[in-house]
There are 2 protein chains.
Amino acid sequence: MTPDAAYQELLRCYQEEALLESCQALLGWDEVTYMPPGGVAARANQLAYLAGLQHEKATSKGLGDLLALVEKSDLVKDAVSPAAVNVREIRRAYERFVKLPRKLVEEQARIAPLAQQQWATSLQEADFASFAPWLEKTVALRRQEAECLGYKKTPYDALLDYYEPGARTADIARLFDALQAELTPLLSAIAGSRRRRKFAILKRHFPVERQHAFAMEAAVALGFDFERGRLDTSVHAFSTHIGPGDCRIAIRYNPNFFSEAFFALLHEVGHGLYEQGADPEHEGTPLGTPNSLALHESQARLWENLVGRGLSFWKYFYPRARQAFPEALGKVSLGDFYLAVNHVEPSLNRVQADEVTYNLHIWIRFELEKALLSGDLPVADVPAAWNEACKKYLGLVPPNDAEGCLQDGHWSEGLIGYFPTYTLGNLFAAQLFDKARLEIAGLEDGFAQGNFAALFEWLRDKIYRQGSRYFSKDLVLSVTGAAPDHRPLVESLRVKYSEVYGL
Amino acid sequence: MTPDAAYQELLRCYQEEALLESCQALLGWDEVTYMPPGGVAARANQLAYLAGLQHEKATSKGLGDLLALVEKSDLVKDAVSPAAVNVREIRRAYERFVKLPRKLVEEQARIAPLAQQQWATSLQEADFASFAPWLEKTVALRRQEAECLGYKKTPYDALLDYYEPGARTADIARLFDALQAELTPLLSAIAGSRRRRKFAILKRHFPVERQHAFAMEAAVALGFDFERGRLDTSVHAFSTHIGPGDCRIAIRYNPNFFSEAFFALLHEVGHGLYEQGADPEHEGTPLGTPNSLALHESQARLWENLVGRGLSFWKYFYPRARQAFPEALGKVSLGDFYLAVNHVEPSLNRVQADEVTYNLHIWIRFELEKALLSGDLPVADVPAAWNEACKKYLGLVPPNDAEGCLQDGHWSEGLIGYFPTYTLGNLFAAQLFDKARLEIAGLEDGFAQGNFAALFEWLRDKIYRQGSRYFSKDLVLSVTGAAPDHRPLVESLRVKYSEVYGL
């Protein structure tokens, strides 16, 4: 077999796996949007079966030989050529899959929908005890996964690498420490400021239907293409890529809090633009498929915060918001509204947290996840440990587990090791946005005119179309000229909030 | 291998196929409810891939040997025992699949979503020419399928057997002829009646949201379980079985015609009750899975017409309808409303047709399908042939193809050979309903009180829980004591409409 034929065969195998994965994505989307409750057992069986088939394809005999054949050839000489990237990514997936028993992969897929359904009920009833057995199962399966995959220092490394190729727990801890060291004084300064923001403006009544219409308008304005995507509601906001031309986002509306749906919308639109902006030339290949969740989150957090909490953004959108919600906002000035959406105060809820305290929420989850996985933290002790961490980092104790350790759905989905990508995403976003401002003349003046296309196009060319060509840290370096670094984020927060709070 | 082990292995294979089929069902449901237009190409690939996998499983080496082994054993001695029925149905599916090339099955699955999307556009634009190439492809693939499957008299037989095991084109033609011979004089008598019904009542304004609420109320009252099902909207009404505990129906609302959504709702609820009433003991086996579409349609048509167009039904529901639509119905009496929903008049639309003329619409499709498949009717001539048949059987000519040959989505889905099951279903429904009335004391008085459970339970025991145990004609015989027959339908229509029209 020629290296070229072997390479084509590898791509064909990848496409089969990708089709199975995309079917799972639709089943997963449906599960949390429209599936009737009684469908969950069948859904668990469907997902387990497809995951098993995917495992079968991904570990099929001969794949290793094909890889070895191509890896020895000239096809991969240029490390960032499509062939080399595709082979690198197929190799990474292969090495991971061959270490995992099919039964484990099936069981993880089977447990997730059942755990998610129980989580949604437990959340509603603020009852951790009813979720605990499912978290036990989930953690046990992930621990088994980490042991199968192997690791040098900590089992957490094994899981982390799936979400963020090349990331290491110790590096992230260092980065987080440095970030926290800088944010703590900023947070103290803000707490000491005499300026008080009219945050309660956002907690007035915002009718859900009008929130939805406003969300649709904003999504379109930012460039989300509804011919190739949808917006639905779900118990927790998310985005998912079903296939080329089909990217779906979902948010949750709170009639008594504007920010809950709207900033989640901007976040998920950010994920969506990343997917919709992918290079059609590499569609259906590993190169065309993002491999870094940190980069994915960087886009979500960039559109949510660096764009969506900016004054220019609201210069354009606030008159529209006022028209949509005259009862709530009719008498509120743009200035007061802008300050309200940038109100900084430690709170209990991650997705509603301001930019300054947000990473503390990630820190809490990161610490607890590591302890859960290593076995240092028994599942039964999660609520107490969560509350203690909240007290320590945020100075607050959740009144119940719905506002505490049950608030996020990630663990129920089996996502352990995912949370750090939010903070990495925040760092990347700050670096990328600084660069965009330098390179795009009048960027924020454009926002004030409703022009978000210039930013989208810049990001599309620099990031979205790159797919998996580079690992995230190399892409950030190549685009911004600097390695991933916490200082641009700290600096941007310092500048912004010094002004907001008159520090 | 023991026969018992072989039998267990057959069931396991069946379950794998059933899982793949259920994933295709969800992909298909999503395709016509929520999928963004841009997702269709990826959806076509997903469906083709899963259909190919299913083919692979269904024709896997050794399946024939397993079947032969079990078929020679005592396991199948009692022809209606679960084992015998399961083996019979697995054999039927196997014989069908091994005759079909995988490529054909994949291509049919790939074409269907593309054809359906084009059909929806062509329907909207009343433009047959844009749909014609897709109908060409669809017919060509079905013709190829019929040739692969083989047949004695006509290729239509080969397709028909899939929807209605054991049915033959010639038998259906005879049945239809007999039915038509009896309905023609009834229709003439009705046309000659001086009584004119206030049909226009139903064409007043019925706000869509309230139609939806009313539909939900009716579905619940009839026994549709929303814990194990959903109701959505789609360009054409349908029901689908995603898996145990997950049965979905969809209808289309017309703000200016009450019947369009409501009677479609009753129809789809009928399908849904059949699925939801299945015997949990045989879940996931061929026995637990209905094999006759005629029986399925009999349940849809029974709830739609024999229940839903009955006076007792409206004694219960009309006060509720009047409350839901006070503007349209506030001044309309129950009597006038009952007569309006039983207005008989040849019309152009199948799903809106009254009970007396409905089967003429099926006849038109049956004739055209046969001619399409045999090649006697070129696709380009479909509109003319359709219009001519409408003129002949209904005395009307469609003003455009949207109201003519584009009105049904079946052909775009690849369903050729399905239509006759509606008329067979009408016959079965009349026979079964006659029997239910004899066996359930005060059946229709119960309807007037909102009690539909007695009928549901009777049908559940007699029909729904039987699954595929019997072929439909044997089940009808065993439940009613008579073979399938057109006379009970004719008689029930004659009695009802003699009263309605004072004949």
task = For A:A5, go 7 angstrom from Cα along the Cα-to-Cβ vector, then report the distances to that same point in the other copies in nm, smallest first.
result = 4.0
query = Quick one: net charge of B:Y338's neighbours, Cβ under 12 Å, K/R +1, D/E -1?
reply = +3
ask   = Packing-wise, with mean Cβ within 10 Å as the measure, how do B:379-390, B:352-363 rank, highest first?
value = B:352-363, B:379-390
query = Helix A:208-222: angle to the longest alpha-carbon principal axis of chain A, degrees 0 to 90, nearest 10?
reply = 70 degrees
key: Nearest-to-axis residue of chain A, judged by beta-carbon position, where the axis maps A onto B, in Å   = A:C23, 3
note = Across B:240-252, the residue-averaged tally of Cβ atoms belonging to other chains within 10 Å stands at 4
key: Per-q log10 I(q)/I(0), region A:254-345, q = 0.21 Å⁻¹ (Debye; single scatterer per alpha-carbon; no solvent)   = -1.03
Net charge dipole size for region B:3-150 [Lys, Arg +1 and Asp, Glu -1 on Cβ; Debye, nearest 20] = 300 debye
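Going by the alpha-carbon gyration tensor, a ≥ b ≥ c the square roots of its eigenvalues, is region A:169-501 rounded (a/c under 1.5) or, if a/c is not under 1.5, prolate (a/b greater than b/c) versus oblate?
Values: a/c = 1.30, a/b = 1.05, b/c = 1.24.
Judged from the Cα gyration tensor, region A:169-501 comes out rounded (a/c under 1.5).
Can you bin region B:388-443 into rounded, prolate or oblate? Criterion: square roots of the alpha carbon gyration tensor eigenvalues sorted a ≥ b ≥ c, rounded for a/c under 1.5, prolate for a/b above b/c, oblate for the rest. Display every interim value, and only then the final one.
Values: a/c = 3.42, a/b = 2.14, b/c = 1.60.
The shape class here is prolate.
Provide the percentage of antiparallel DSSP beta bridges, counting only those with both residues in region A:202-250; round to the nearest 5. Before the final figure, lay out the partial values.
Numbers: 5 of 9 bridges.
Given both bridge residues lie in region A:202-250, the antiparallel proportion sits at roughly 55 percent.
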note = If labels are modelled 7 Å from Cα along the Cβ direction, B:V235 lies from its partners in the other copies at nm distances, smallest first, of 3.4
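Using only Cα atoms, what is the ratio of the radius of gyration of region B:1-76 to 2.2 N^0.38 Å? Could the numbers behind the result be given before it?
Values: Rg = 16.8 Å, N = 76, 2.2 N^0.38 = 11.4 Å.
For region B:1-76, the normalised Cα radius of gyration is 1.47.
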request  = Please average, across the residues of A:44-54, the number of beta carbons from any other chain that are within 10 Å of each residue's own beta carbon, and give a whole number.
outcome  = 4
Per-residue [θ]222 nm for the protein assembly as shown (sum of -39500 (n - 2.57) over DSSP H runs n ≥ 4, rounded to 500) = -20500 deg cm²/dmol
ask   = If you line up the long axis of helix B:487-501 against the longest principal axis of chain B, both from Cα atoms, how many degrees apart are they, to the nearest 10?
value = 20 degrees
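What fraction of the DSSP beta bridges in chain A is antiparallel, stated in percent and rounded to the nearest 5?
Details: 5 of 10 bridges.
So the antiparallel bridges amount to about 50 percent of the total.
Check region A:3-150 and count each lysine pair with an alpha-carbon distance under 17 angstrom, considering only pairs eight or more places apart or from different chains. Kindly include the intermediate steps, with their values, before the conclusion.
Working: A:K57/A:K99; A:K57/A:K103; A:K61/A:K99; A:K103/A:K137.
Going through region A:3-150 pair by pair, I get 4.
Cα gyration tensor of region A:124-218, axes a ≥ b ≥ c as square roots of the eigenvalues: rounded (a/c below 1.5), prolate (a/b > b/c) or oblate?
Details: a/c = 2.27, a/b = 1.43, b/c = 1.59.
It is oblate, given that a/c is not under 1.5 and a/b is not larger than b/c.
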query = Which whole number gives the average count of other chain Cβ atoms within 10 Å of the Cβ atoms across peptide A:24-36?
reply = 4
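Return the percentage of antiparallel bridges among DSSP beta bridges fully within the protein assembly as shown, rounded to the nearest 5 %. List each step's numbers first, then the result.
Details: 10 of 20 bridges.
For the protein assembly as shown, the DSSP antiparallel bridge percentage is about 50.
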key: Under the Debye formula (equal points on every Cα, no solvent term), log10 I(q)/I(0) of region B:3-150 at q = 0.10, 0.11, 0.14, 0.19 Å⁻¹   = -0.45, -0.53, -0.76, -1.10
key: ³J(HN,Hα), Karplus 6.51/-1.76/1.60, whole Hz, each residue of region A:125-141, x for Gly, Pro   = 9, 6, 10, 5, 4, 6, 8, 3, x, 6, 5, 3, 4, 4, 5, 4, 5
request  = Find the centroid of the Cα atoms in region B:4-44 and in region B:116-182, then give the distance between the two in whole Å.
outcome  = 23 Å
request  = Provide the descending list of Cα extents for region B:180-244 along its principal axes, expressed in whole angstroms.
outcome  = 48, 32, 25
request  = Using every pair of alpha-carbon atoms in the protein assembly as shown, split the distances into 10 Å bins beginning at 0 and state the percent of pairs per bin, rounded to integers.
outcome  = 2, 10, 18, 21, 19, 15, 10, 5, 1, 0
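Please work out the Kirkwood hydrodynamic radius for region A:303-379, using every pair of different C-alpha atoms, and report it in angstroms with one decimal place.
Numbers: mean 1/r = 0.0674 Å⁻¹.
Every distinct Cα pair counted, the radius reaches 14.8 Å.
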inquiry  = Please list, ordered by chain and number, the residues whose modelled amide H lies under 5 Å from the amide H of A:G229; skip anything fewer than 5 residues away on the same chain.
reply    = A:C247, B:G38
task = Based on the mean of other Cβ atoms within 10 Å per residue, sort peptides A:213-219, A:430-436 so the most packed one is first.
result = A:430-436, A:213-219
note = Rounded to whole angstrom, the alpha-carbon centroid of region A:456-503 lies from that of region B:335-355 at a distance of 65 Å
query = Taking the label point 7 Å from Cα in the Cβ direction, how far apart in nm is B:S333 from each other copy of itself, listed shortest first?
reply = 6.8
query = So what J values fall out for region B:223-233 if you push phi through Karplus, 6.51 cos²θ - 1.76 cosθ + 1.60 with θ = phi - 60°, rounded to Hz, Gly and Pro as x?
reply = x, 5, 9, 6, 6, 10, x, 9, 10, 10, 10
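Read-outs throughout are calculated quantities, based only on the coordinates presented, and are distinct from any laboratory measurement. Treat the numbers as computed from the prediction; the structure is a model and nothing was measured. Because the Cβ atoms are built from the backbone with ideal geometry, glycine has one as well, and the counts that use them run over all protein chains shown.
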